[in-house]
Every structure is written in C-alpha cells, then in structure tokens.
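Working notes for the structure below.
Every read-out reported here was derived from the displayed coordinates using simple, explicitly stated rules and does not represent laboratory data. Quantities reported herein were computed from a predicted structural model and do not represent experimental measurements. Here the Cβ positions follow ideal geometry from the backbone for every residue, glycine too, while neighbour counts run over all protein chains shown.
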Amino acid sequence: MQTGEGKISSMASPSSAVTLTKMGVSHVPQRYILPASHRPNTLPPFMNHHLPIIDLSSLQNPFLRPQTMDEIRIACKEVGFFQVINHGVPPSVMKGALDAAVEFFDLSMEEKTVHASDNVHEPVRYGTSMNQVKDEFQFWRDFIKHYSHPLSSWIHLWPSNPPCYKEKMGSYAKEVQVLQKQLMEVVLESLGLNPNYLQDEVESGSQVMAINCYPACPEPELALGMPPHSDFGSLTVLLQSCLGLQVLDHHNNWLSVPVVEDALIVQLGDQLEVMSNGEYKSIVHRVTVSSEKKRFSIASLHSWALEKKMGPAEKLVDQEHPASYEEFSFKDFLDYISNNDIMTAKRFIDTLKKK
Ligand code: OGA
Ligand code: NI
C-alpha cells in the first residue's frame, strides 16, 4: 500500500509479524508459508559446538598471537564465520542496545510506520520483509535499518521513540565500529596483506544497522525469519538474544549458532569474498523462528562506501590466480536486490563470478 515516495501507510500493517503475533493468530497466513523445499527442518536444531570461538584478547599476547591468527585464517577460509569473546564491547552496552530494540518493537504500529518505506535506499527504514512490495513470500520478521557511520551524520534521523533509543543504540554502534576496524586489520593480515591496506576504505566505509525482531510464530516449521542469504558487505557483527541463526556448511547442512555469553558473531560478506579473490567465502545464513520465544538481533553491516567499486586485491592476483570476480559497489548490490526477488534470484555474488 504505497502513499508516494516509497512510504508505506499503516494500511500495510497486517503484513507485520509482530502485529500478527499480537493478534494471537493460530496459523501463519498463506504468504508466509514457504514452498516445502525452503522450509526449515522440523528436527530439533543440530547444535554445532565446533563453530569457532576466538578469544580476541589473546592477540595482545605475543605467545598466543600466532595461534590465534591461524584460528582466524582457518575460520575465514573454511566457514566464513566465527564468534568473538573478549572483544572490547562492554556487555552493558550490548544489553542497552537490545533493551532499546525491545522497546522500539513494543511501540504502536503508528509510531513505527513513521519510518516505513519500501525504498532500499532510504537511510532509515522500518519494514516487515526483505522487499515488501515485490516479493512473493514474506518472512516472520519486523526490522528497522539505519545508516550509522559516521554517527553524527545519521543519528538525528533515527527513531526519537523510545527516548533511550538514540543514546543506547548509538553507544553500541560506536563500539562496534571500533571493533570492526580491528577485525578488518586482523582479517587482512591473515590474508598476507598489510593490515593498513584499505584503511581509507574502512574509515570512510558505511555501517548499516539492521535491528530485527522475530516474534513467536504459531507454525515455525512452515516459515522463516529470514531466507538464506549472504551479507553484501565486508564484515557483519551480529548480536543475538537467543537461538535462531543458522549457517550453511560445506556439506549443505544448516548448523544452529549456539548462544555464547557476551560473545559477538562475525560473518564474512560478499565484499570480502571478492577482495580476497575467493580465498575467503561469504557465509550463507538464515533465521528460523520459534513457537515460544520472541527473538531480537542486531546486525551491524559494514561495507566500503556506497559508490566505491572494489575488485580482488592486486596482491592476491597473479597468473596462477587470475581475478575471479568483477568489481562491485554497495550501490550495485542495492540496485540488484531492489530489482530481484531474494527467493528466486541468483545470489548476488554469483552474478560477479567470472567464467
Ligand atoms: C541480517 C541477518 C541474522 C539474525 O540482518 O542480515 O542475517 O540473526 N540477521 O537476525
Ligand atoms: Ni545476514
């Protein structure tokens, strides 16, 4: 239901998972029911305690550093995913951000739809599916996304309600930005590149925060909170309130990501796959929903600046390893998702692979 300029009126509210759960529906509406091949397993999640957990404080210890660098290299190469502990983001700041998210999604639909838009280029956007207007299937998620770096350029556009939102989400955004820079240096070093290579790109890069709410779902075996996808950017730092995230391993098994106290999840995105010339892979992930629990997550999606085109790092390209990807920008990705249905289209990264 559009009211010009991509704004969505509150008439669209029945397509919100939060609203449907509040109404107490006992079945998910047809548009949330996925084709059988896309439904999650009904078996209890296969918990993988082998998914890597990296203690970042050991990078400061000269005796432990080489082994930790190896662990990071292996995690990036084999999974494209790891969790970090002792990462420097205070647990109180993480909790504050989750509290702000809980309060935001508790607001009335009228207050949230102030920010509603189906235009993926809006710097602040509340929505209920990847692409509400075009996509055939809907996902059991409400979200608000906002640009976050540099904070002073964007924070005035963020929700003014709940009153704590800007302060709590802003503190978290700043801390994660610092962590992300450190992670990027370590990842570059693990590829044999200068840790400061790309310093300007990282400094002037973008940070989009996706704050997600997955309400309890009456038929979790028929729906998903988010379909399989990889993130477009360089790194994503994710905070989850409870189980729900699953990652796809090399054997095409979906592994549930265990909740580790005070940890943050790090996922490699398409820009890193391209920059590393395929040495590292972006991780495909999805979100399952639960019949009992409402889940929140905060994904901080980092990328090079909107229009910055980037291909494989020159140092990683030679006769034996020719460039295997076309260069692309964050903007190219946005154009792609606004013109394609995520359930049926090719993965964006696959459109960049050279034959
Ligand atoms: C995302 C995402 C996972 C989650 O926002 O891109 O994959 O657990 N989120 O919410
Ligand atoms: Ni994602």
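Observations on the model:
- R0 of 51 Å, Cβ-Cβ distance ASN194-VAL102: FRET efficiency to nearest 0.05: 0.75
- Kirkwood hydrodynamic radius of the chain, Cα pairs, Å: 20.8
- In the range 94-191, taking the dipole from charged Cβ atoms about the Cα centre, the farthest positive-side position among SER153, VAL124, LEU107 is held by SER153.
- About its Cα centre, the dipole of the range 43-351 is roughly 480 debye, where the only charges are +1 on Lys and Arg Cβ and -1 on Asp and Glu Cβ.
- FRET efficiency, 1/(1 + (r/R0)^6) with R0 56 Å, evaluated for SER58 and ASP341 via beta carbons: 0.80
- Counted residue by residue at 0.36 nm each, then reduced by the alpha carbon distance between them, the extension gain from LYS293 to MET69 reaches 77.0 nm.
- Considering only beta bridges that DSSP places wholly inside the chain, some 90 percent are antiparallel.
- Translational D in µm²/s for the range 267-346 (Stokes-Einstein at 25 °C, 0.890 mPa s, Kirkwood Rh from C-alpha pairs): 165
- Each peptide in 187-200, 112-125 receives the mean, over its residues, of other Cβ atoms within 10 Å, and ordering these scores from highest gives 112-125, 187-200.
- The Cα atoms of the range 66-146 cover 52, 34, 22 Å along the three principal axes, with the biggest extent listed first.
- For peptides 142-149, 77-84, 230-237, sequence by mean Cβ density within 10 Å, most packed first: 230-237, 142-149, 77-84
- Here the dipole of the range 174-255 is about 140 debye; that uses its Cα centre as origin and unit charges on the Cβ of Lys and Arg (positive) and Asp and Glu (negative).
- Spin-label model, ILE33 to CYS242: label points 7 Å out along the Cα-to-beta-carbon direction sit 2.6 nm apart.
- 24 Å Cα-Cα reach of LYS331 towards lysines, excluding residues that sit fewer than 8 places from it in its own chain: LYS7, LYS134, LYS145, LYS174, LYS181, LYS281, LYS308, LYS309, LYS346, LYS353, LYS354, LYS355
- Positive-pole candidate from VAL266, ALA313, VAL247, dipole of the range 240-355, charges at beta carbon: VAL247
- Since only LEU179, SER230, ILE74 are under comparison, the one whose Cα sits farthest along the positive direction of the charge dipole of the chain, derived from C-beta charges on Lys, Arg, Asp and Glu, is SER230.
- Between THR19 and GLU203, the modelled label-to-label distance comes to 4.6 nm, taking each label 7 Å out from Cα in the direction of the beta carbon.
- Mean Cβ neighbour count within 10 Å, used as a protection proxy, ranking 267-276, 243-252 highest first: 267-276, 243-252
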